[in-house]
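Below: the structure, in structure tokens.
The values are calculated or read from the model by the stated rules, or taken from the named source; none is laboratory data. For clarity, every value in this text was computed on a predicted model and none was experimentally measured. We place every Cβ from the backbone using ideal geometry, glycine too, and count neighbours over all the protein chains shown.
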Amino acid sequence: MHLEMGETRKLAGRYRLLNPLGAGSVRLAFDESGHRDVAVRELRVPAELRDSALHRARRAMVLRHASIVRVLDVVVDDGSPWLVMEFVSGASLEQAVRSRAPLPVMQAARVGVGVLSALTAAHAAAFVHGHVDPGNVLLTTTGRAVLTGFGLPSRSTWPSGDLWSLGATLHFAIEGRPPGQAPAEGPDPLRSLIRAMVHPAGPPPVEVVRETLERLALDQPLDRLVESLGPLPPAEVAAIGVAVLDRLQRTPGTHGGVQPGHVLIDGNGRATLLPSLRSGTPPAYTAPEGVRSRAADLWSLGATLFTAVEGTPPAPGAPLGRAGPLAPILFRLLSGNPADRPSPEELRRELKALVRRRNN
């Protein structure tokens, strides 16, 4: 028997059905044995798939994580299987975006951190969600993002499918639409990450996704910082250069994506270069030789530092009016001849000398 909107009944003699939640596929209920509100959802599956659906739903009951909406019980009432879930006060991501507006990047990144942590815990338990979408991401009244929908029959059996769906969900969060055949363009790191996550070649490693989201949830991209504060002091820019250079030295091979939008600055002014994604580099930050190499990464670093200290990207004949003692270093980094650029060791010494000068 299917649930009708006007019914007042109890499931399994325990869960009294109340009003619909959201679009109506989930209903509020009161657990008369546990004396608490719960959410319930009927599993509408063909009879031949009922046993496997019940098995999967019961497996979901073991999942425990702060960002997972728990499956508390699985009952069969009048021949129909039902999920009984933890009740979470809040609205779905889909409702929030459609009723208000797309989320700011930092808030969307925080949503991604919560959902990814839930998926990581589920995947570690050999459980694929299979239904990650804006309707199954709940934004609580305290601002957390939690993932519901565990226990539903899965549309996917691979963890990579969940990561693709997370990318599509984040696309909806910041654009108000699914990615479709044309994901949103833009050089900012969240859109770059989303394009990489929904790319046909498959998502980046989960560690890259996690680091990028965690940084974007807390830190500000260098280009936004310069846009809001104006050009930064040369010694401060030199310290950013040291941090980015250290990351480049720890990166196997070449990075290929050094630009101000991929350099994040935390509340203490410390800089971090995000991992490279399949996003390309804007022309203003692409070395003139047009090939990926460590020397090209150094040119891109020079162009990034130029933007930080001057307020605009480098261009032919652009003066260095604000760079001061940083100017000779930038001239060498931005040389059209890769052989004329400083080695990483030379560059680190020169940048650190400028940082020490500020601290003395």
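Yes/no per residue for (1) within 17 Å of Thr312 (Cβ to Cβ); (2) surrounded by 17 or more Cβ atoms within 10 Å (Cβ to Cβ):
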residue	(1), (2)
Val209	no, yes
Pro221	yes, yes
Leu225	yes, yes
Ser228	yes, no
Pro233	yes, no
Gln249	no, no
Would you be able to tell me the number of residues in the range 131-153 that are crowded, with 19+ Cβ neighbours inside 10 Å, assigned to a loop (DSSP other than H, G, I, E, B) and small (Gly, Ala, Ser)?
2
Output for the range 222-236, where each listed residue is part of a helix (DSSP H, G or I) and more than 27 Å from the chain's Cα centre (by Cα):
Pro234, Ala235, Glu236
Hey, Leu190 touching a residue at least 40 places away in the same chain (Cβ under 8 Å), part of a loop (DSSP other than H, G, I, E, B) and over 23 Å from Ala296 (Cβ atoms) or not
no
Would you mention how many residues in the range 294-334 are in contact (Cβ under 8 Å) with a residue 24 or more places away in the chain, over 19 Å from Ala243 (Cα atoms) and not in a helix (DSSP H, G or I)?
5
Given the criteria surrounded by fewer than 24 Cβ atoms within 10 Å (Cβ to Cβ), modelled with pLDDT under 95 and assigned to a helix (DSSP H, G or I), does Ala284 qualify?
yes
Does Thr272 meet the test of being surrounded by fewer than 20 Cβ atoms within 10 Å (Cβ to Cβ), closer than 27 Å to Ala145 by Cα and modelled with pLDDT of 90 or more?
yes
Which numbered condition in (1) farther than 25 Å from Asp37 by Cα; (2) touching a helix residue (DSSP H, G or I) at 6+ places or on another chain (Cβ under 6 Å) is the only one that Val132 fails?
(1)
Please note which helices (runs of 4 or more DSSP H) are completely contained in the range 30-128 and include at least 2 residues that are under 21 Å from Ser156 (Cα atoms) and at pLDDT below 95.
50-60
What residue, among those in the range 3-25 that are under 15 Å from Val75 (Cα atoms) and within 39 Å of the chain's Cα centre (by Cα), is modelled with the lowest pLDDT?
Leu3
